[in-house]
Amino acid sequence: MRVRSAVVRVTAAVLAVGCITACAEGVPAGAPDPAASATQGPGRSTAPNRPAGTAAGPGTSAASARVETSCADRKCTDNSRPGDDDHRAGTGGGHPCSPSVSLDRYSDALDKTTFHGTFVGNLSALARDTDGSVAALSDRSLLIKLDGQHHRPVRTTKITDEQGAVLDAEGLAVEPGGGYLVSSETEPSVRRYDRSGALLARLPVPGALRVAPAGRAQANQTFEGLTLRPGGGTLTAAMEGTLTGDGKDTAGRPLLRFQTWQRHGGRPGPAAYRLSRQYAYPVDAGLGVSEVAALTDGRLLVLERGFTAGVGNTVRLYLADPRRASDVSGVAELPGGKTVRPAHKKLLADLGACPTLGAPAHQPQTNPLLDNIEGMTITGRAPGGRLRLLLVSDDNESPKQITRLYSLTVRPGGH
(Lines give C-alpha, C1' and ligand atoms only; values in the text may rest on other atoms or scores of the structure.)
Protein backbone atom coordinates (compact mmCIF):
# COMPACT_ATOMS: atom_id res chain seq x y z
CA MET A 1 0.00 0.00 0.00
CA ARG A 2 2.89 2.38 0.79
CA VAL A 3 4.49 1.71 -2.60
CA ARG A 4 1.19 2.34 -4.42
CA SER A 5 0.63 5.56 -2.45
CA ALA A 6 4.08 6.77 -3.40
CA VAL A 7 3.39 6.03 -7.06
CA VAL A 8 0.11 7.95 -6.85
CA ARG A 9 1.90 10.94 -5.30
CA VAL A 10 4.60 10.93 -7.98
CA THR A 11 2.01 10.58 -10.76
CA ALA A 12 -0.04 13.48 -9.39
CA ALA A 13 3.05 15.65 -9.24
CA VAL A 14 3.93 14.86 -12.87
CA LEU A 15 0.39 15.68 -14.02
CA ALA A 16 0.43 18.97 -12.13
CA VAL A 17 3.69 19.99 -13.81
CA GLY A 18 2.21 19.03 -17.19
CA CYS A 19 -0.84 21.19 -16.56
CA ILE A 20 1.26 24.21 -15.60
CA THR A 21 3.42 23.76 -18.69
CA ALA A 22 0.44 23.44 -21.05
CA CYS A 23 -1.32 26.46 -19.57
CA ALA A 24 1.83 28.54 -19.89
CA GLU A 25 1.97 27.80 -23.62
CA GLY A 26 -1.35 29.50 -24.41
CA VAL A 27 -1.17 32.61 -26.59
CA PRO A 28 -3.67 35.43 -25.99
CA ALA A 29 -6.17 36.12 -28.75
CA GLY A 30 -5.76 39.16 -30.95
CA ALA A 31 -7.67 42.36 -30.39
CA PRO A 32 -11.07 42.80 -32.07
CA ASP A 33 -11.14 44.27 -35.55
CA PRO A 34 -12.27 47.90 -35.28
CA ALA A 35 -13.76 47.89 -38.78
CA ALA A 36 -17.51 48.34 -38.84
CA SER A 37 -20.41 47.99 -41.27
CA ALA A 38 -24.16 48.26 -40.75
CA THR A 39 -26.15 45.12 -40.08
CA GLN A 40 -29.83 44.39 -39.92
CA GLY A 41 -31.88 41.45 -38.75
CA PRO A 42 -30.15 38.33 -37.41
CA GLY A 43 -26.64 39.05 -38.69
CA ARG A 44 -27.59 40.19 -42.22
CA SER A 45 -25.12 42.66 -43.67
CA THR A 46 -26.27 45.72 -45.56
CA ALA A 47 -22.81 46.41 -46.98
CA PRO A 48 -23.22 46.29 -50.78
CA ASN A 49 -19.61 45.49 -51.60
CA ARG A 50 -17.76 42.23 -51.06
CA PRO A 51 -14.12 42.27 -49.93
CA ALA A 52 -11.44 41.34 -52.39
CA GLY A 53 -9.80 37.94 -51.98
CA THR A 54 -6.99 37.78 -49.46
CA ALA A 55 -3.51 36.59 -50.11
CA ALA A 56 -3.74 34.00 -47.38
CA GLY A 57 -3.54 30.36 -48.39
CA PRO A 58 -6.32 27.82 -47.90
CA GLY A 59 -7.35 27.46 -44.29
CA THR A 60 -5.29 30.39 -43.01
CA SER A 61 -6.24 33.88 -41.97
CA ALA A 62 -4.61 36.95 -40.53
CA ALA A 63 -7.64 37.18 -38.23
CA SER A 64 -7.22 33.65 -36.89
CA ALA A 65 -6.93 33.55 -33.11
CA ARG A 66 -4.52 31.46 -31.10
CA VAL A 67 -6.67 30.77 -28.08
CA GLU A 68 -5.25 30.53 -24.60
CA THR A 69 -5.46 27.03 -23.16
CA SER A 70 -7.62 26.84 -20.07
CA CYS A 71 -6.68 25.11 -16.82
CA ALA A 72 -9.77 25.05 -14.63
CA ASP A 73 -9.40 23.84 -11.05
CA ARG A 74 -5.77 22.89 -11.79
CA LYS A 75 -6.91 20.37 -14.38
CA CYS A 76 -5.60 20.89 -17.88
CA THR A 77 -7.15 18.73 -20.59
CA ASP A 78 -7.09 18.62 -24.37
CA ASN A 79 -9.38 16.35 -26.35
CA SER A 80 -8.01 17.42 -29.74
CA ARG A 81 -7.95 14.52 -32.14
CA PRO A 82 -5.13 13.92 -34.64
CA GLY A 83 -5.25 16.54 -37.38
CA ASP A 84 -6.90 19.22 -35.24
CA ASP A 85 -3.74 21.33 -35.11
CA ASP A 86 -5.56 24.42 -36.38
CA HIS A 87 -8.00 24.28 -33.45
CA ARG A 88 -6.57 25.72 -30.27
CA ALA A 89 -7.78 24.77 -26.82
CA GLY A 90 -10.22 22.09 -25.94
CA THR A 91 -12.07 19.84 -24.27
CA GLY A 92 -15.30 17.98 -24.21
CA GLY A 93 -15.38 17.91 -20.42
CA GLY A 94 -13.16 20.88 -19.59
CA HIS A 95 -15.26 23.69 -21.08
CA PRO A 96 -18.90 23.11 -20.11
CA CYS A 97 -21.64 25.33 -21.51
CA SER A 98 -24.31 23.38 -19.61
CA PRO A 99 -24.70 19.89 -18.10
CA SER A 100 -25.54 18.63 -21.64
CA VAL A 101 -23.11 20.57 -23.83
CA SER A 102 -19.40 21.32 -23.73
CA LEU A 103 -17.25 23.40 -26.06
CA ASP A 104 -14.22 21.49 -27.29
CA ARG A 105 -12.62 24.22 -29.37
CA TYR A 106 -13.22 26.90 -31.94
CA SER A 107 -11.32 27.95 -35.07
CA ASP A 108 -11.21 31.18 -37.07
CA ALA A 109 -8.87 29.66 -39.66
CA LEU A 110 -11.42 30.04 -42.49
CA ASP A 111 -12.23 33.67 -41.76
CA LYS A 112 -11.72 36.02 -44.73
CA THR A 113 -9.81 33.47 -46.78
CA THR A 114 -9.91 32.41 -50.42
CA PHE A 115 -9.49 29.06 -52.13
CA HIS A 116 -8.30 29.13 -55.74
CA GLY A 117 -9.62 32.67 -56.03
CA THR A 118 -13.01 31.87 -54.47
CA PHE A 119 -14.03 33.60 -51.24
CA VAL A 120 -14.58 31.13 -48.40
CA GLY A 121 -17.37 32.62 -46.33
CA ASN A 122 -21.12 33.29 -46.22
CA LEU A 123 -21.43 29.75 -44.84
CA SER A 124 -25.03 28.98 -43.99
CA ALA A 125 -25.05 25.17 -43.61
CA LEU A 126 -22.88 22.12 -42.92
CA ALA A 127 -23.43 18.42 -43.59
CA ARG A 128 -21.21 15.41 -43.01
CA ASP A 129 -20.46 13.91 -46.40
CA THR A 130 -20.39 10.23 -47.31
CA ASP A 131 -16.57 10.17 -47.58
CA GLY A 132 -16.03 11.61 -44.07
CA SER A 133 -15.43 15.15 -45.27
CA VAL A 134 -17.70 18.08 -44.38
CA ALA A 135 -19.81 19.76 -47.04
CA ALA A 136 -20.26 23.48 -46.40
CA LEU A 137 -22.86 25.59 -48.18
CA SER A 138 -22.41 29.26 -49.01
CA ASP A 139 -25.58 31.27 -49.43
CA ARG A 140 -23.93 32.64 -52.57
CA SER A 141 -24.84 29.36 -54.32
CA LEU A 142 -21.58 27.53 -53.66
CA LEU A 143 -20.74 24.11 -52.20
CA ILE A 144 -17.38 23.96 -50.45
CA LYS A 145 -15.82 20.63 -49.49
CA LEU A 146 -13.81 20.76 -46.23
CA ASP A 147 -11.45 17.94 -45.34
CA GLY A 148 -12.57 15.86 -42.38
CA GLN A 149 -9.54 16.56 -40.16
CA HIS A 150 -8.45 20.17 -40.52
CA HIS A 151 -11.69 21.50 -42.06
CA ARG A 152 -9.72 23.18 -44.83
CA PRO A 153 -11.21 23.75 -48.31
CA VAL A 154 -10.34 21.14 -50.91
CA ARG A 155 -12.97 21.76 -53.61
CA THR A 156 -15.69 24.22 -54.59
CA THR A 157 -18.77 23.53 -56.73
CA LYS A 158 -21.22 26.10 -58.11
CA ILE A 159 -24.92 25.27 -58.04
CA THR A 160 -27.79 27.09 -59.74
CA ASP A 161 -31.54 26.93 -60.25
CA GLU A 162 -33.31 25.69 -63.38
CA GLN A 163 -32.52 28.92 -65.25
CA GLY A 164 -28.87 28.98 -64.21
CA ALA A 165 -29.40 31.70 -61.60
CA VAL A 166 -27.75 31.69 -58.18
CA LEU A 167 -29.66 30.55 -55.08
CA ASP A 168 -30.09 32.06 -51.65
CA ALA A 169 -28.96 28.67 -50.38
CA GLU A 170 -29.51 28.11 -46.65
CA GLY A 171 -29.97 24.38 -45.90
CA LEU A 172 -27.96 21.32 -46.87
CA ALA A 173 -28.32 17.54 -46.51
CA VAL A 174 -26.34 14.67 -48.05
CA GLU A 175 -28.14 11.60 -49.38
CA PRO A 176 -26.81 8.09 -48.66
CA GLY A 177 -25.76 7.84 -52.31
CA GLY A 178 -23.83 11.11 -52.13
CA GLY A 179 -26.31 13.49 -53.75
CA TYR A 180 -26.94 16.92 -52.25
CA LEU A 181 -30.23 18.39 -51.12
CA VAL A 182 -30.21 22.19 -50.96
CA SER A 183 -32.91 24.53 -49.70
CA SER A 184 -33.32 28.11 -50.88
CA GLU A 185 -35.35 30.59 -48.86
CA THR A 186 -36.29 32.73 -51.86
CA GLU A 187 -39.34 30.75 -53.03
CA PRO A 188 -38.75 28.62 -50.84
CA SER A 189 -37.50 25.44 -52.54
CA VAL A 190 -35.59 22.21 -52.06
CA ARG A 191 -33.52 20.89 -54.96
CA ARG A 192 -31.44 17.76 -55.56
CA TYR A 193 -27.97 17.90 -57.11
CA ASP A 194 -25.45 15.23 -58.05
CA ARG A 195 -21.81 15.22 -56.91
CA SER A 196 -20.81 17.50 -59.77
CA GLY A 197 -23.44 20.11 -58.89
CA ALA A 198 -25.78 19.22 -61.75
CA LEU A 199 -29.45 19.83 -60.94
CA LEU A 200 -31.50 16.62 -60.79
CA ALA A 201 -34.93 17.56 -59.49
CA ARG A 202 -37.01 19.95 -57.40
CA LEU A 203 -39.17 18.75 -54.52
CA PRO A 204 -42.82 19.75 -54.08
CA VAL A 205 -43.56 22.49 -51.51
CA PRO A 206 -46.99 23.24 -49.97
CA GLY A 207 -48.53 26.44 -51.28
CA ALA A 208 -48.99 28.04 -47.86
CA LEU A 209 -45.22 27.89 -47.22
CA ARG A 210 -44.42 29.96 -50.30
CA VAL A 211 -43.43 33.59 -49.94
CA ALA A 212 -46.33 36.06 -50.23
CA PRO A 213 -48.23 36.76 -52.38
CA ALA A 214 -47.96 33.18 -53.64
CA GLY A 215 -48.29 31.90 -50.07
CA ARG A 216 -48.23 33.11 -46.46
CA ALA A 217 -44.50 33.06 -45.71
CA GLN A 218 -42.48 36.19 -45.07
CA ALA A 219 -39.49 37.01 -47.28
CA ASN A 220 -36.17 35.81 -45.82
CA GLN A 221 -38.03 33.72 -43.23
CA THR A 222 -38.51 30.35 -44.93
CA PHE A 223 -36.41 27.16 -45.31
CA GLU A 224 -33.37 28.04 -43.19
CA GLY A 225 -32.68 24.53 -41.88
CA LEU A 226 -32.59 21.17 -43.68
CA THR A 227 -31.74 17.68 -42.45
CA LEU A 228 -32.10 14.07 -43.57
CA ARG A 229 -32.69 11.45 -40.89
CA PRO A 230 -29.89 8.85 -40.94
CA GLY A 231 -31.22 5.66 -42.50
CA GLY A 232 -34.81 6.73 -42.00
CA GLY A 233 -35.56 8.50 -45.25
CA THR A 234 -37.27 11.49 -43.61
CA LEU A 235 -36.23 14.90 -44.88
CA THR A 236 -37.12 17.90 -42.71
CA ALA A 237 -37.06 21.59 -43.65
CA ALA A 238 -37.42 24.17 -40.89
CA MET A 239 -39.06 27.54 -41.45
CA GLU A 240 -37.08 30.37 -39.88
CA GLY A 241 -40.14 32.51 -39.15
CA THR A 242 -43.90 32.26 -38.81
CA LEU A 243 -46.54 32.27 -41.53
CA THR A 244 -48.89 35.22 -41.67
CA GLY A 245 -51.95 34.25 -39.60
CA ASP A 246 -50.16 31.72 -37.39
CA GLY A 247 -50.07 32.54 -33.70
CA LYS A 248 -48.41 31.46 -30.47
CA ASP A 249 -48.67 28.62 -27.98
CA THR A 250 -49.98 29.03 -24.44
CA ALA A 251 -46.50 30.07 -23.26
CA GLY A 252 -46.42 32.94 -25.77
CA ARG A 253 -43.91 31.31 -28.10
CA PRO A 254 -44.41 31.83 -31.87
CA LEU A 255 -45.27 28.62 -33.72
CA LEU A 256 -43.18 27.81 -36.78
CA ARG A 257 -43.87 25.05 -39.31
CA PHE A 258 -41.49 22.19 -40.06
CA GLN A 259 -42.20 20.38 -43.34
CA THR A 260 -41.18 16.76 -43.96
CA TRP A 261 -40.84 14.54 -47.02
CA GLN A 262 -40.47 10.76 -47.20
CA ARG A 263 -37.81 9.29 -49.44
CA HIS A 264 -38.91 6.34 -51.57
CA GLY A 265 -36.06 4.20 -52.89
CA GLY A 266 -33.38 5.58 -55.16
CA ARG A 267 -35.53 6.97 -57.93
CA PRO A 268 -33.87 9.95 -59.66
CA GLY A 269 -36.95 12.11 -60.22
CA PRO A 270 -39.04 14.36 -57.95
CA ALA A 271 -41.12 11.34 -56.89
CA ALA A 272 -38.13 10.14 -54.85
CA TYR A 273 -39.44 12.49 -52.13
CA ARG A 274 -43.13 12.81 -51.34
CA LEU A 275 -44.72 15.41 -49.10
CA SER A 276 -45.37 14.06 -45.64
CA ARG A 277 -46.19 15.39 -42.17
CA GLN A 278 -45.96 19.03 -41.18
CA TYR A 279 -45.79 19.98 -37.52
CA ALA A 280 -45.58 23.06 -35.33
CA TYR A 281 -42.44 24.05 -33.43
CA PRO A 282 -42.50 26.65 -30.59
CA VAL A 283 -39.55 29.02 -31.08
CA ASP A 284 -38.37 31.34 -28.32
CA ALA A 285 -39.71 34.89 -28.63
CA GLY A 286 -37.35 37.10 -30.63
CA LEU A 287 -35.47 34.16 -32.15
CA GLY A 288 -35.74 32.13 -35.36
CA VAL A 289 -34.62 28.65 -36.35
CA SER A 290 -31.30 28.72 -38.18
CA GLU A 291 -30.57 24.97 -38.45
CA VAL A 292 -31.74 21.45 -37.60
CA ALA A 293 -29.92 18.11 -37.38
CA ALA A 294 -31.76 14.78 -37.24
CA LEU A 295 -30.94 12.01 -34.78
CA THR A 296 -31.40 8.36 -35.73
CA ASP A 297 -34.45 8.01 -33.44
CA GLY A 298 -36.42 10.80 -35.12
CA ARG A 299 -35.63 13.60 -32.68
CA LEU A 300 -33.95 16.81 -33.83
CA LEU A 301 -31.26 19.14 -32.61
CA VAL A 302 -32.57 22.64 -33.27
CA LEU A 303 -30.45 25.78 -33.35
CA GLU A 304 -32.32 28.97 -32.51
CA ARG A 305 -30.68 32.32 -33.22
CA GLY A 306 -31.40 36.01 -32.92
CA PHE A 307 -29.56 39.32 -33.22
CA THR A 308 -29.99 42.62 -31.37
CA ALA A 309 -28.03 45.64 -32.56
CA GLY A 310 -25.65 46.90 -29.89
CA VAL A 311 -26.07 43.69 -27.88
CA GLY A 312 -25.14 40.88 -30.22
CA ASN A 313 -26.29 37.35 -30.98
CA THR A 314 -28.37 34.94 -28.95
CA VAL A 315 -27.84 31.28 -29.86
CA ARG A 316 -29.58 28.36 -28.13
CA LEU A 317 -29.41 24.64 -28.81
CA TYR A 318 -32.59 22.63 -28.23
CA LEU A 319 -33.55 18.98 -28.44
CA ALA A 320 -36.93 18.68 -30.15
CA ASP A 321 -39.17 15.61 -30.26
CA PRO A 322 -41.72 15.74 -33.09
CA ARG A 323 -42.69 12.06 -32.92
CA ARG A 324 -45.97 12.74 -31.11
CA ALA A 325 -46.64 16.12 -32.68
CA SER A 326 -49.84 16.65 -34.63
CA ASP A 327 -49.80 16.84 -38.41
CA VAL A 328 -50.74 20.48 -39.10
CA SER A 329 -50.55 20.35 -42.91
CA GLY A 330 -54.36 20.78 -42.95
CA VAL A 331 -54.50 23.41 -40.17
CA ALA A 332 -55.07 26.85 -41.70
CA GLU A 333 -53.86 28.88 -38.71
CA LEU A 334 -51.83 27.80 -35.69
CA PRO A 335 -52.19 26.99 -32.83
CA GLY A 336 -55.28 25.30 -34.27
CA GLY A 337 -57.08 24.38 -31.07
CA LYS A 338 -56.47 22.27 -27.99
CA THR A 339 -56.19 19.01 -29.91
CA VAL A 340 -53.19 20.22 -31.91
CA ARG A 341 -49.95 19.17 -30.25
CA PRO A 342 -46.70 20.97 -31.21
CA ALA A 343 -43.29 19.33 -31.03
CA HIS A 344 -41.86 19.20 -27.52
CA LYS A 345 -38.49 20.81 -26.95
CA LYS A 346 -35.85 20.84 -24.20
CA LEU A 347 -33.05 23.38 -23.80
CA LEU A 348 -29.62 21.76 -24.04
CA ALA A 349 -27.56 24.94 -23.82
CA ASP A 350 -27.58 28.68 -24.28
CA LEU A 351 -24.27 29.09 -26.10
CA GLY A 352 -23.84 32.49 -24.51
CA ALA A 353 -23.01 30.57 -21.33
CA CYS A 354 -20.03 28.81 -22.96
CA PRO A 355 -16.55 29.90 -21.88
CA THR A 356 -15.08 32.54 -24.20
CA LEU A 357 -11.74 30.72 -24.64
CA GLY A 358 -10.25 34.13 -25.40
CA ALA A 359 -12.25 34.49 -28.62
CA PRO A 360 -12.24 37.92 -30.30
CA ALA A 361 -15.43 39.68 -31.39
CA HIS A 362 -15.66 42.35 -34.09
CA GLN A 363 -18.92 43.84 -32.84
CA PRO A 364 -20.68 44.01 -29.46
CA GLN A 365 -21.47 40.55 -28.07
CA THR A 366 -22.52 39.50 -24.60
CA ASN A 367 -20.10 36.61 -25.17
CA PRO A 368 -17.33 37.32 -27.72
CA LEU A 369 -17.35 33.65 -28.71
CA LEU A 370 -20.72 34.14 -30.41
CA ASP A 371 -21.39 35.27 -33.95
CA ASN A 372 -24.07 34.70 -36.58
CA ILE A 373 -24.20 30.88 -36.20
CA GLU A 374 -26.19 29.34 -39.06
CA GLY A 375 -24.80 25.87 -39.83
CA MET A 376 -24.71 22.66 -37.79
CA THR A 377 -23.99 18.99 -38.44
CA ILE A 378 -23.33 15.85 -36.43
CA THR A 379 -19.82 14.64 -37.30
CA GLY A 380 -19.60 11.53 -35.11
CA ARG A 381 -20.12 9.93 -31.73
CA ALA A 382 -18.20 10.18 -28.48
CA PRO A 383 -18.20 7.72 -25.56
CA GLY A 384 -21.30 7.54 -23.37
CA GLY A 385 -23.84 8.23 -26.10
CA ARG A 386 -22.56 11.75 -26.71
CA LEU A 387 -22.47 13.40 -30.13
CA ARG A 388 -19.75 15.37 -31.86
CA LEU A 389 -21.24 18.54 -33.29
CA LEU A 390 -19.74 21.08 -35.68
CA LEU A 391 -21.23 24.58 -36.02
CA VAL A 392 -20.32 27.46 -38.31
CA SER A 393 -21.11 31.16 -38.36
CA ASP A 394 -21.99 33.16 -41.48
CA ASP A 395 -19.81 36.25 -41.82
CA ASN A 396 -21.93 37.81 -44.60
CA GLU A 397 -18.59 39.09 -45.99
CA SER A 398 -18.74 41.78 -43.32
CA PRO A 399 -15.68 43.00 -41.38
CA LYS A 400 -17.89 43.02 -38.29
CA GLN A 401 -18.60 39.30 -38.51
CA ILE A 402 -16.46 36.15 -38.44
CA THR A 403 -16.48 32.79 -40.18
CA ARG A 404 -15.97 30.65 -37.08
CA LEU A 405 -16.14 26.88 -36.57
CA TYR A 406 -17.25 25.50 -33.22
CA SER A 407 -16.65 21.91 -32.09
CA LEU A 408 -19.08 20.75 -29.39
CA THR A 409 -19.79 17.57 -27.51
CA VAL A 410 -23.50 17.08 -26.80
CA ARG A 411 -25.31 14.63 -24.56
CA PRO A 412 -28.92 14.67 -25.84
CA GLY A 413 -30.14 12.08 -23.34
CA GLY A 414 -33.28 9.99 -23.53
CA HIS A 415 -34.43 7.98 -26.52
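Taking K and R as +1 and D and E as -1, what net charge do the other residues with C-beta under 10 Å from the C-beta of Thr236 add up to?
Details: positive: Arg229, Arg277; negative: none.
Charge balance near Thr236 sits at +2.
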> What ranking, highest mean first, results for peptides 245-255, 392-402 when packing means the other Cβ atoms within 10 Å averaged over each residue?
Replying inline: 392-402, 245-255
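What is the projected area of the convex hull of the Cα atoms of region 241-350, averaged over all directions, in nm²? Intermediate results must be reported in sequence, preceding the final value.
Values: hull surface 34.4 nm².
Convex hull of Cα atoms, orientation-averaged projection: 8.6 nm².
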>> Cut-off 16 Å, label point 7 angstrom out along Cα-to-Cβ of Thr308: give me the residues of region 336-372 whose amide nitrogen falls inside.
In response: 350-353, 364-368, 370-371
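Which FRET efficiency, nearest 0.05, do Asp131 and Ser98 yield, Cβ-Cβ r, R0 45 Å? Can you show the working numbers first?
Numbers: r = 33 Å, r/R0 = 0.73.
Computed FRET efficiency for Asp131 and Ser98 comes out at 0.85.
Could you tell me what percent of the accessible area of region 134-203 is made up of carbon and sulfur, with a 1.4 Å probe and every protein chain present?
Details: 1170 of 2320 Å².
It is 50 percent, rounded to a whole number.
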> Using modelled backbone amide H atoms (1.01 Å from N, in-plane), which distant-in-sequence or interchain residues come within less than 5 Å of Glu374's amide H?
Replying inline: Val392, Ser393, Asp394
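The values are calculated or read from the model by the stated rules, or taken from the named source; none is laboratory data. All values derive from a computational prediction rather than experimental measurement. Note: ideal-geometry Cβ built from the backbone for every residue, glycine included; neighbour counts use all protein chains shown. To get the accessible areas, we keep the full protein, side chains included, count just its heavy atoms, and leave off ligands, DNA and RNA. Shrake-Rupley method; radii C 1.70, N 1.55, O 1.52, S 1.80 Å.
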